[in-house]
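Notes follow once the structure below has been shown.
A short reminder: the numbers here are calculations on the coordinates, not readings from a lab. Quick caveat, the model's predicted, so the values are computed rather than measured. Reconstructed Cβ throughout: ideal geometry from the backbone, glycine too, with neighbour counts over all protein chains shown.
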Amino acid sequence: MARIRFRQPSILPGFGLTFGFTIFYLSLIVLIPILGLFVKTFELDWASFERIVTGPRFLAALRLSFGASLLAALFNVVIGTLIAWVLVRYRFFARRFVDAIIDLPFALPTAVAGIALTSLYVPQGWFGRLFAPYGITIAYTPVGIWIALVFIGLPFVVRTVQPVLEDFNREVEEAAATLGAPRRTTIARVILPPLLPAILTGFSLSFARAVGEYGSVIFIAGNIPRQTEILPLLIVFRLEEREYAAAAAIATVMLLVSFLILLAVNLIQTWSTRRFGHV
Amino acid sequence: MSDPDLSAADAAQLSPTTEAWPVRAALIALTIVVVAVLLVVPLLVVFVQALGLGIGAALSTFRDADAVAAIGLTLLVAAVAVPCNMIFGIAAAWAIAKYRFPGRAFLITLIDLPFSVSPVVAGLVYVLLLGPFTPIGAWLLEDYGVRVIFAVPGVVLATIFVTFPFVARELIPLMQDQGTGDEEAAISLGASGWQTFWYVTLPNVKWALLYGVLLCNARAMGEFGAVAVISGKLRGETVTMPLQIELYYQEFRAMAQVSAFSLAAVLAGLALVTLAIKSWLEWRYADQLAATRAGH
């Protein structure tokens, strides 16, 4: 039978079963529900959609979510790259412990992180107490939200930069040193450029996670309308008010943004593979 | 007497590819301070707060019916969600890694999709699809008496969604690296498909599978946002441990605070065990886990 084959021939059995199950389960759990969200959003006419996404409460939450996430991701890029550098290049006491504990934000449930950070940064807390005499409050302000987002985003940068740094060819650095480059020139012109794709990927992952984060933020945010209300919380409120289409509209905006970020990550990786031969 | 310039040059000669020691010391100190302030102290404060009124008060949490029900539900949810995603992960990895067909990269992107969706949105999509006001939800409720949203099945579904990619994303790169040679040899020698999978493929990927299941389980037991949206927070019925922590925390009684942090301490302990096993696996079986490990 001469027909164009979907897949290349193989003697291994089970393609139909595993491929079929993969598509079925993926559609059932992920694709159809997400499609349903878009359908629900399209139930709105344009005027109501516009009213929802230009309302002052939505805009305030949008600004806060994206602003705090951006600042947290920027902080994480700097600190995360430094930590990755220290973990790969230096040998010191407790290095293995630091290396293992970096993943804590992945393993610790967000609600636990949320109440722990809140109890630290309230004015009576261990850290809040240090700032309270100067009239600085951290919990229940955007600064508190920023701290929670730094917490959950940090491992993304460390874990994307670390493997690239481990594979880095030290001979290139030696060549730079032999040719008389001072250390900081070597770092700026030889080491950082190939690290850049990993740093950008880490930034995007950290930022994307921060925009959608809920559990670790809502406890420390205080959730004051138009001041410390994040986008995911707004969805929860719309749901509780049974404003399903409005909730879907906000979620659609958030989803589109995460798709754009995902696309950016893929483009960075394609570019990096072409430019440096690695991700 | 040695020339100071020369000895400085000697020191530089020893390590032309590292920084001067004050820089190294400063960076190491900075790392330790950041990790301590940002990660270790928040972990510590959970246990300190849990024991704030003594160990007896902390332990009395686990005699509260709500807490016991929450622990039971969390175990039940993980016991359903983790095997479902494990079977899916194995099937997806077999289909994607052992055969060549167009669109594999796109399929991997779709599998990773739940990681880039906010947990709240993950809960919302099911409420919109299966809520009692929707056609499917109404049909399930009226014809079969099955309530999905604001009930246990919804909590399970939301957990499956947020933990969807964990096993697949560990297995796919590893099985792609391993190729199909071993399996082809087994089939040529007359093994059946299941025998090949059971005796050849599975032993090759067992540590990566364990790694994926471990991360999947940690997330399944700790999920908050998606479950919060879908559960309706009916005490003793649809409340998992993270939700019960929130309910206790909002009570503002000293005893309820202790209960919140006691439950949180259990989950923090689980996170520590997860990290310990994970680090051990990475250290012991680094070569048998997938080569690249980007963020989750």
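The table below gives the values:
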read-out: For the range A:194-210, 3J(HN,Hα) per residue [Karplus equation, 6.51 cos²θ - 1.76 cosθ + 1.60, θ = phi - 60°, Hz, x = Gly/Pro]; value: x, 7, 4, x, 5, 5, 5, 4, x, 4, 5, 5, 5, 5, 4, 5, 5
read-out: Pair B:S279, B:W21: separation of 7 Å Cα→Cβ label points (nm); value: 2.7 nm
read-out: Cα gyration tensor, the range B:102-221 - rounded (a/c under 1.5), prolate or oblate; value: prolate
read-out: Projected-area average for the range A:111-183 over all orientations - Cα convex hull basis, square nanometres; value: 8.0 nm²
read-out: Rg ratio (alpha-carbon, reference 2.2 N^0.38 Å) - the range B:135-293; value: 1.39
read-out: Chain B - charge dipole about Cα centre, Lys and Arg +1 at Cβ, Asp and Glu -1, debye rounded to 20; value: 580 debye
read-out: Other protein chain Cβ atoms within 10 Å, averaged over every residue that makes up A:94-102; value: 5
read-out: Binned Cα-Cα distance frequencies in the protein assembly as shown - 20 Å width, integer %; value: 19, 51, 26, 3, 0
read-out: Qualifying trypsin sites (Lys or Arg not before Pro) for the range A:1-73 [loop in DSSP, other Cβ within 10 Å: at most 11]; value: A:R3, A:R5
read-out: Where Cα atoms sit under 29 Å apart: lysine pairs in the protein assembly as shown separated by 8 or more or lying on different chains; value: 4
read-out: Calculated from backbone phi, Karplus (6.51, -1.76, 1.60) coupling profile of the range B:274-289 in Hz, x at Gly/Pro; value: 4, 4, 5, 5, 4, 4, 4, 4, 5, 7, 7, 10, 3, 6, 9, 9
read-out: Calculated over chain B: convex hull of Cα atoms, volume per residue (Å³); value: 226 Å³
read-out: Solvent-free Debye scattering, log10 I(q)/I(0), computed from the Cα coordinates of chain A at q = 0.08, 0.09, 0.12, 0.13 Å⁻¹; value: -0.48, -0.60, -0.95, -1.05
read-out: Average beta-carbon neighbours from other chains, 10 Å sphere, peptide B:243-250; value: 3
read-out: Label-point gap, in nm, between A:R91 and B:A286 - each point 7 angstrom along Cα→Cβ; value: 1.3 nm
read-out: Choice from A:L62, A:L31, A:L17 showing the highest fluctuation, given a GNM over chain A with Cα pairs closer than 10 Å; value: A:L17
read-out: For the range B:79-196, with +1 on Lys and Arg beta carbons and -1 on Asp and Glu, the positive-most of B:P83, B:A191, B:V146 along the dipole; value: B:V146
read-out: Relative contact order of chain B, pairs being alpha-carbon contacts under 8 Å that are 6 or more residues apart, as %; value: 29 percent
read-out: Two-site label geometry, B:A65 and A:W271: point separation in nm, points 7 Å out along Cα→Cβ; value: 6.0 nm
